[in-house]
Structure formats: structure tokens, C-alpha cells
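The values are calculated or read from the model by the stated rules, or taken from the named source; none is laboratory data. Note that this is a predicted model, so its numbers are computed, not measured. Cβ sites come from the backbone with ideal geometry, for glycine too, and all protein chains shown count toward neighbours. SASA here: full protein model, heavy atoms, side chains in, ligands and nucleic acids out. Shrake-Rupley method; radii C 1.70, N 1.55, O 1.52, S 1.80 Å.
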Amino acid sequence: MKVIYRLAALLLLVVAGFTARAQGIAGGHITGSFQTDLQMSHADSVIGAQDVDEKLLLNARADILYQNGNFSAGLRFEAYQNPLLGFEPKNLYKGQGLANYFLSYSTDKLTVTAGNFYEQFGSGMILRTYEDRYLGLDNSLLGVNVAFRPVNGVTIKALAGKQRYYWNYADGIVRGLDGEVNLNSVVKSMADSKLRLTFGAGFVSKYEGDETIFQPENPEYKLNLPHNVGAGAARLDMSYGNWTLQTEYARKGQDPSADNDYIYREGEALMVSAGYSQSGFSAQVQAKRVDNMSFRSVRSQSGQMLYINYIPAITKQHTYAFLSLYPYATQTTGEMGMQADVIYSIPKGSLFGGKYGTDLSFNCAVITGLDTTQVGGRGTEGYTSKWLSTGDLYYGDFSVEVAKKLNSKLKLTATYAYQVFNPVVEGHAGSLHHNNVLIADLTWKVNKQHRLRFEAEWLGSDSRYTATSADRRAGDWVMGLVEWNIGRHWFVSASDQYAYNDGIGNYYNLSVGYNHQATRVTVGYGKQREGLLCIGGVCRQVPASNGLTFSLTTSF
Amino acid sequence: MKKIIFTIILSFVAIAGINAQNAKLPDNISLKTLDGQTVQSSVIQNDGRPIIVSFWATWCKPCNLELNTIKEVYEEWQEETGVKLVAISIDDARSSNRVKPHAEGKKWPYEIYLDPNQNMKRAMNVGDIPHTFIIDGNGEIVYQHTTFVDGDEEELIEKVKELLENSEK
């Protein structure tokens, strides 16, 4: 017996000593984060909240990273028991387990990752794998990803894998190759040039086996589907002094899919962005044209999953509640548009600048459909489109924001916006909605201990609530919010959104939060609209709910 | 029996030794400069003086409040402590082109990098933003904080000063 004890003690000592040595010498570290969100919701037909049979819904995740010299490894545990409202389809999200794992070796010349990885080529027009925990989105590839940097300024990436699909992996195989050269690093004579130039190009191919899709007009004709679909893109990023220009062009081969109703037209996309900036003033213009560029690893997939590429909306991401009530959703099958941004800081001491200066920002965007002519249905080219000719108006907006520090304690931000919204971008037919939005946001630093924030918003719209449209955003709205930050750790916030004219709904909400270093706990009660919520000094995406919510996040 | 207890205690001490050292700022993560060049995160340096790393985005109001507020006192901070603020934008392709005009229009005096696919964000366990770190002269993460409300900048500079005082001892 004594021998066993001694052996056990020796073993323990050896293990402990070895661990300590390995950790001490190579500097291994474990870091991570943990997050859990709970929801108790009651049905409310007016705001569209559903009844929760389980009484309590929970989303949780834990990320653990281990780093030791050039090696790193990561694990992610996720649990949806049962998934929060808005995570649909519920039965696919439901479950718990290891959702992500990887091993990586990295030096300044080479990074090799095996397991789940996230990667982006250029702006993501042909490939971007990423995750957004609040949208329930994760299209990570499970496979191998290599990045090689032979000389300073040159990066070559190669990857292959299968995409995550809820708790499984899709059948389609994704392979990609990308190269990027920064001329200022590679060409010695350009090292100090005012002209900064970076070129890049990438190619992505997806492989998927056959399936049976018929042509509706000729039910005996089965489509001859391409098993390999390729997409390529080239990009340029340049700046000269205060001027910048970024552009990327992408093309995709024949890719009949559920998104384009199985037509054989090739896809293409072009993005151009130009800007001028100097200290205190900047202007930027961006244009985009997207034609049949939905690219997924499974052709029959719809909804938000299994995209290989990423085509974002170019409209400004608004954060105030009423500015983002009618958000534009990008149309990967076809859209074109422009957006412009101007930011100006009126200097201190000038007529409009006052003692502290004034910040002005201006933004506008117009997005339309393509001008297309139908040439056939499923199994044909589908349609043709005119390059510079626009189709239906999808979305337009214009906003001005003035931010001003009034004195050492008060700051005011005032915003006016006008929006035109076509419900077709959300898949519903209907007439255009026209909205006017006014917002005042005042922060008051009462003293070191107490800080208050007041927000008042108004939205006037010509959309009206009817039983057939059932659009819960319709009508005219007012909103008030008070946020009280106490000391360094606590906040309390109360808000109400109320439809006062031809709309329905009254969204009241009370939240209390505690924050210490990288740990935050928030408890909320009330009716919550889904969307981006910025209270208590942090921004996060929240689902629609009616009842109690609890959230805990921590990083270590 | 005593030996066993002794061994167990010794093991705990040994294991505790692991935690005595703080995690380091990752050095092999790809970031982009505002000129579009890809660089590794090891470029984040401040000659052995502290660094504040702040994760932000153009659309994040509290992040903008944090960086605007610190702008007012940044010169003073630099003179007193030699600290440098590195602002890492997690704007994705939707708004990453806007980062340079945004920062210049607002006269931000910081070193700014783009993390459009959130590689650095994941490597540093950042969830919601703003999320701010203090890195000491050896590249170790000594403090982190999420959220920003007016006045939080004072706590940040206090921590930097504490760090400098402790390192002088």
C-alpha cells in the first residue's frame, strides 16, 4: 500500500514539475471567455413575441484558447437548451456540444491551422467564413488553412474544408487560393513612396455531387448540374497622400441554385470606394454592383446559412433604434448602389465650433435593383441585365448628425434622417415607405459618481398597420430612454417605444447591469424589439422578447 | 501520509506558478494597416512602455465615445506615462473602408489597425465592444475592461500609472 502511495506521489510530482517547466519555459497560457443568455418570455401577439413552452430558454458558449510559443489550440462549447427566440429553425440549433476546435502553428513566415477556421479573401466577395453569435451564424470551415509569407509584403493563402451547418458539416467541399502583394514592401525604391499599392487575387472552387432538379416546363428534363463551381476575384488597394482608392471585381461560373432558381447565368460583382481625408475632414464615396453572386457550398440551401462569400450592404450601419427600424438587407442575387459619407470637425474657437468644437457627419445611400430582361426560366441563362441602368428603388437614406460638447458636463448629439424603404428587400410586395426620423441624445456627467444619458427619438412614417401587412413597425413612433451609470460598476436604464398613430405596440424595458473589468451581468424586463441595442456602455444584437432576460459575459 | 500532502501542496504551488505569468498580446495574428497592407500583430510595440489596446467599430457609439473622450486627454497621458493607444477596428467589409475617413475626420491621434474578419478579436477573447486592454512593457496583458461610460478613462490611466509605479519598485 505504502509503495502505491509513494508511486502516486512521485507521479504527481513528475507531472506537476513537467507542467510547471513546460509552462514556465515556453510560457503556455490559457485564456478564454464565457457567455450565457437566458430568456423567460410570454406570448404577446401585438409585438410578435411567442409563448415559450419550456419557460426558460438558454444560449451559452465557452471559448478556451491555449497558447504556447508558436502553438495555439482552441475549443468552443456551445449550448442551446432551448435556443433563444429568433434562432430559427429551432430544432436545428437545439443541442449542446463541441462546436469548434482547432490546432495552429504560427511563425512570422507561416501559419498552419487544422480544424475549424475563419478566413477572408480580400473584402470577402468570393470567400469569407465568420461567426456572429447573436445572429446564430457560423459558417466556419473544418479543414486545413495555410498562410505563407515568404518575404515581407507577400501573403499566399491556401485552404480546403467543409462548412459548419448547425451541429453538422455540409457535404459541399470548399477549396481556395489567394495571393496578395504590397509593392511598398517588395520594391525597395517604393518603400517611402507617397503612393501605397497593394494588389491581390483569389480563386475559390466548390465541389458538390449531383442531385435531381427538374425543369418545371418540361418535367422530363433533369438539369445537368455543374459539380465544380469556381469564383475568382482581383483587387487593388491604393493611397496617395490624402487620397485612397479600393476596388475589387469578382466573377463566378455557372452556379444554378435555389437562390437564383437554377439558372445558368454567370455571376459578377464590382465594388469601388474612393476617399479623401485630412485631419478634421473626410469624404468617401462607395459604389457597388452585384449580379447573381449568391455563392453557397450547398446549392439547395436558402436562409442565412452556408454562404461561402460575403456581400455586405453598403448602407451605413445605424445604431439608434428608429434609424435601424427599417434596415436594408443586401440582395446577393442582384443590386446596385452608391453611398457617400462626409465627416467634418468644426475647429474649437470658430463661430460654429464654440469652445469645444463641433462634429458634423453626413451620410446618404441609394440602392436599386438591376435592370433585367427575362430570357427564360430554370435551366436557361435566366435573364440579361444592362450594366449601368438601374431597376426598382430598394432603399434610400440621408442623415445628418451634429455632435457638440456644450460644457464640461453636457454633450449633445442631434440627428435627422430621411429614409425610403422598399419592403421587397424583406421579400414582401408593397408600396414604398417614407420615414422621417429625429433623435436627440444628451449625456450629462453629473459628477464622478453619477452619469446620466437621455435619448428621445421620433419616427414619422407613411406606412400604416393593417391586418394584411401585419408590419409591427408601421405607424408613427416616439421613444424615450434614460440611462443612469452609478460609480464604475452599475447602470440602470429604462426606455419606452410607443406607436401613437396608426401603429400598434408599446415596448417598455427596464435593465440593470453590473460591470467589473471584463465581466458583465445584465438583467432586463420588458418588451424588446430585435435589433442592435447600445445601453450600459456596450453594443449588442438582441432578439425580440417579452419578459425577463439575463445575460452574463466574461473574459479571462 | 505527510509526504503525500507535501507533494500535493508542492504540485499546487507548481501549477499556481503557471498563472503567475499573464497571457501575452498575440504576435502572429494578421491585421491590416489603413493603407491596406497586411501586417502581423507583433508590430504593436511601444519600446517597453505600456500600450492600451481598444477594440472598436465605426458603428459602436460607446466605442466612439471612448476614443473621442481619450482624444481630449491623450497628449497629457503620453507626456506623463509614455502610453500609446492602439485602436483595432472590427468593422467588416461593410464598413472597413470607412475606418480611415472616420478616424481622420474625428482627428484621432491613435495607431489604428483593421481586423475585418475578427482574427485578433477572437484571439483576445473579445465578445461585445468596446473592450479595452492594458499591455505592460513585456507585452503581457495586465488589465481588461468592457463597456465605456464617461469617466471610465480615469480608471484606465490610473491602472497605467499603477503599472509604472509597480515596475519601478
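Taking 7 Å steps out from each Cα toward its Cβ at B:GLN45 and B:ASN166 produces label points 2.5 nm apart. Projecting the Cα atoms of A:THR111, A:GLY86, A:GLY143 onto the dipole axis of the protein assembly as shown, where Lys and Arg carry +1 and Asp and Glu carry -1 at the beta carbon, places A:THR111 farthest toward the positive end. Quick check on the range A:169-246: what does the Kirkwood estimate of hydrodynamic radius come out to from the alpha carbon pairs, in Å? The answer is 16.3 Å.
About its Cα centre, the protein assembly as shown has a charge dipole of approximately 1780 debye under the convention of +1 per Lys or Arg Cβ and -1 per Asp or Glu Cβ, with nothing else charged. Treating each Cα of the range A:133-187 as an identical point scatterer and summing with the Debye formula, the log10 of I(q)/I(0) at q = 0.12, 0.23, 0.24, 0.28 Å⁻¹ comes to -0.42, -0.84, -0.88, -1.02. Ranked from largest to smallest solvent-accessible area, with a 1.4 Å probe on the protein heavy atoms, A:ARG378, A:ARG453 come out as A:ARG378, A:ARG453. Averaging 1/r across all pairs of distinct Cα atoms in chain B and inverting the result yields a Kirkwood radius of 17.2 Å.
Per-residue extension of 0.36 nm, minus the Cα-Cα distance of A:VAL154 and A:ILE486, leaves a gain of 114.5 nm for this segment. Calculate, for A:TRP458 and A:LEU56, the FRET efficiency according to 1/(1 + (r/R0)^6) with r their C-beta to C-beta distance and R0 56 Å; round to the nearest 0.05. Approximately 0.95, to the nearest 0.05. Note on A:LEU223 and A:PHE77: their simple-model spin labels are 4.3 nm apart, each label 7 Å out from Cα toward Cβ.
Legend: residue pairs A:LYS527/B:LYS159; A:LYS409/B:LYS161; A:LYS316/A:LYS527, Cα-Cα distance threshold 31 Å; pairs beyond threshold, A:LYS527/B:LYS159. In plain terms, the bigger the Kirkwood radius, the slower the diffusion; for chain A, with that radius from Cα pairs, at 4 °C and 1.567 mPa s, Stokes-Einstein puts D at 48 µm²/s.
Projecting the Cα atoms of A:TYR328, A:SER551, A:ALA518 onto the dipole axis of the range A:316-551, where Lys and Arg carry +1 and Asp and Glu carry -1 at the beta carbon, places A:ALA518 farthest toward the positive end. Across the range A:425-433, coupling constants 3J(HN,Hα) worked out from phi with the 6.51/-1.76/1.60 Karplus curve, θ = phi - 60°, read 5, 9, x, 10, 7, x, 7, 5, 9 Hz, and Gly and Pro carry x. Membrane-span-like helices in chain B, defined here as complete DSSP H runs extending at least 15 Å along the helix axis by their C-alpha atoms with mean Kyte-Doolittle hydropathy no lower than -1.0, are B:2-20; this is a sequence and geometry rule, not a statement about a membrane.
Think of the protein assembly as shown as a dipole: +1 on every Lys or Arg Cβ, -1 on every Asp or Glu Cβ, centred on the Cα centre; then among B:PRO109, A:GLN39, A:ALA269, B:PRO109 lies furthest on the positive end. Given R0 = 35 Å, the distance between the Cβ atoms of B:ASP35 and A:ASP108 translates into a calculated FRET efficiency of 0.95. Based on Cα contacts under 8 Å between residues 6+ apart, chain A shows a relative contact order of 10 percent.
Averaged over peptide A:310-316, the number of partner chain Cβ atoms lying within 10 Å of each residue's Cβ comes to 4.
So the label point goes 7 Å from the Cα of A:HIS434 along Cα→C-beta, right? Which residues of the range A:393-409 then have their backbone N under 20 Å from it? Inside the label zone: A:393-400.
Hey, with R₀ at 22 Å, roughly what FRET efficiency would B:GLU76 and A:SER350 work out to, going by the Cβ-Cβ distance, to 0.05? Taking R0 as 22 Å, the efficiency between B:GLU76 and A:SER350 is 0.40. Pairs spanning more than 28 Å between alpha-carbon atoms, out of A:LYS445/B:LYS107; A:LYS222/A:LYS288; A:LYS157/B:LYS100; A:LYS355/B:LYS106; A:LYS90/A:LYS288: A:LYS222/A:LYS288; A:LYS90/A:LYS288. Rounded to the nearest Hz, the phi-derived 3J(HN,Hα) couplings of the range A:221-234 under the Karplus curve 6.51 cos²θ - 1.76 cosθ + 1.60 (θ = phi - 60°) are 8, 9, 5, 8, 7, x, 7, 10, 10, x, 9, x, 8, 10, where x marks glycine and proline. Distance between the C-alpha centres of the range A:443-477 and the range A:225-286: 35 Å, rounded to the whole angstrom.
Rounded to the nearest 10 square angstrom, A:THR129 shows an accessible area of 0 square angstrom against a 1.4 Å probe. The modelled label-to-label distance for the pair A:GLN374/A:ASP192, using points 7 Å beyond Cα in the direction of Cβ, is 6.4 nm.
In vacuo Debye scattering of the range A:316-551, one point per C-alpha: log10 I(q)/I(0) at q = 0.11, 0.16, 0.17 Å⁻¹? For the range A:316-551 at q = 0.11, 0.16, 0.17 Å⁻¹, log10 I(q)/I(0) is -0.71, -1.23, -1.31. Averaged over the residues of peptide A:360-372, the number of Cβ atoms from other protein chains lying within 10 Å of each residue's Cβ is 0.
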